[in-house]
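Just so it is clear, none of the values below were taken in a lab; they were calculated from the coordinates. What you are looking at is a predicted structure, and each value in this text was computed from that prediction instead of being measured. For neighbour counting, all protein chains shown are included, and Cβ atoms are generated from backbone atoms with ideal geometry for every residue, glycine included.
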Amino acid sequence: MLNTPLLNEGICFVITLNETLLIACGGIRNIYQHPENSKICIKVDLNSKGPAAGSTLAEARLFEKLMNQRGQKEFSAISNYRGSVETSLGFGATY
């Protein structure tokens, strides 16, 4: 599991996502507005099986690696990764 403060503290909750929060649909994942903070979006894979399954997790792991290697928390040229969350639709990465 990725370094998520709430999960590391033993606090785990699921963010409920629905169609009213949907911002965009892509070929391999959907993007939702965070239900409690409109400045944050959540990427979630469309399918849990198939060739694109796990794309969001793989991308989140890459951001975690960049943050750890470079000590960066902010990215000016690419999306500003904020961490991972569990959603009603599966693993989500926040930006």
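Ordering Leu17, Asn47, Asn68 by the projection of their Cα atoms onto the charge dipole of segment 14-71, which places +1 on the Cβ of Lys and Arg and -1 on the Cβ of Asp and Glu, puts Asn68 at the extreme positive end. A full extension of the chain between Glu86 and Thr16 corresponds to an added length of 24.3 nm, given 0.36 nm per residue minus the alpha carbon distance.
Scaling the Cα radius of gyration of segment 14-71 by the globular reference 2.2 N^0.38 Å produces a ratio of 1.25.
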